[in-house]
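The values are calculated or read from the model by the stated rules, or taken from the named source; none is laboratory data. Since the structure is predicted, the reported quantities are computational estimates derived from the model, not experimental observations. As a convention, Cβ positions derive from the backbone with ideal geometry for all residues, glycine included, and neighbour counts pool all protein chains shown. Areas reflect the complete protein model, heavy atoms only, side chains present, ligands, DNA and RNA absent. Shrake-Rupley method; radii C 1.70, N 1.55, O 1.52, S 1.80 Å.
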Amino acid sequence: MIGTTLAAAAAAGSGASPGFLSPSGVEIAFLLVGLATLGAAVVTVTTKQLVHAALWLVVALGGIAVEYLLLTAEFIAWVQVLIYLGSVVVLLLFGLMLTKAPIGPSPDADSGNRWVALGVAVAAAGALVWVVVDAFRTTWIDLDGPVQGSTAVSGEILFRHWVLPFEALSVLLLAALIGAIVLSRKNGDTGTARQEGKR
Amino acid sequence: MHLAYPAVLAALLFCTGLYGVLARRNAILVLMSVELMLNAVNLNLVAFDVWLRDTVHAGQALTLFTIAIAAAEIGIGLAIVLMVYRNRGTSDVDRLRDTVEGREPAPTSDSAPAEPTAPRPEVAA
């Protein structure tokens, strides 16, 4: 589908200055990493082995981190590696283990409405790609010049312009942490006894 | 770099996640697909931020916030899935049909320890 996108945009935007049929090195790298990311994502949502799905998710999220690096947003790339690859995937693996997910292939990983889901996804992909290509076929990102997402720039904008949302977000994280603890605590004797006493 | 590359990649990743959310049966796999969709949105945010050369970098700040909220979401979501698994003995979203309309509630297989799911005192009080 990226190939058809390329062809359509090349046919449409042939008058643009940078030229679509002579992609730069960054574009080639972005395309290759994007293909790997997309393939890993597709395997993630289609594989029958639950643990393999989590491990392919690592590949997909790591590919997205590389794309951030290619877009010169290096701080976000490292945050992606730290949080997604470091903690979210580990949490998902823990969840799979705690719900006693089967190690081998589980044939009922997909529900019965798989073909409806495929239809919806393909229709959405077609519509979105058509709209996006039609809207941005003559738009170019200027990646030269100063790096826009370095740690210095990110820290400065985050603590100069976005301090209040940042602090609110830390409160939200604390609330989520407490909520997760309360939810996942086992209702043992001590807990119920204390709750009964409180009542 | 052409803006269509990250935009098209984000659209395709989003639709992959959409398929996963609709087609998967295990709740944890649904959460993984939700992560894919959130990452597609993040890629869009970063690409458009770099394109617009925003001086306050709203796209990158929002991406950081989205990543943090996604981490919170995955923690809460996994806690809920674990509690459902502990109470019902399954984490398949197809079998959680208690609120389905026009049908008698199917007898759930209670292979979980038979702790009666009393209404929690925080809710009841």
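A few notes on this one:
- Among the residues making up the stretch A:94-125, those that are open to solvent by 30 Å² or more (accessible area, probe 1.4 Å) and part of a helix (DSSP H, G or I) are A:F94, A:M97, A:L98, A:R114, A:W115, A:V116, A:L118, A:G119, A:V120, A:V122, A:A123.
- Looking only at residues in the stretch B:32-48 that are more than 7 Å from chain A (Cβ to nearest Cβ) and under 10 Å from the mean Cα position of the chain (by Cα), the one that is farthest from A:W140 (Cα to Cα) is B:V34.
- Pairs, first open to solvent by 10 Å² or more (accessible area, probe 1.4 Å) and among the acidic types (D, E) in the stretch A:54-83, second in a helix (DSSP H, G or I) and at pLDDT 95 or above, C-beta under 7 Å, six or more apart: none
- Matching residues, the stretch A:153-177, being surrounded by 11 or more Cβ atoms within 10 Å (Cβ to Cβ) and closer than 20 Å to B:V46 by Cβ: A:V153, A:S154, A:G155, A:E156, A:I157, A:L158, A:H161, A:W162, A:P165, A:F166, A:L169
- Residue in the stretch B:42-59 that is closer than 15 Å to A:L61 by Cβ, out of contact with any Gly (no Cβ under 7 Å at 6 or more places or on another chain) and open to solvent by 20 Å² or more (accessible area, probe 1.4 Å) present: no
- Helices (runs of 4 or more DSSP H) contained in the stretch B:19-125 and holding at least 3 residues at pLDDT 85 or above and more than 30 Å from A:A77 (Cβ to Cβ): B:58-88
- In the stretch A:136-152, the qualifying residues are those that are assigned to a helix (DSSP H, G or I) and under 23 Å from the mean Cα position of the chain (by Cα), and the one that is surrounded by the fewest Cβ atoms within 10 Å (Cβ to Cβ) is A:T151.
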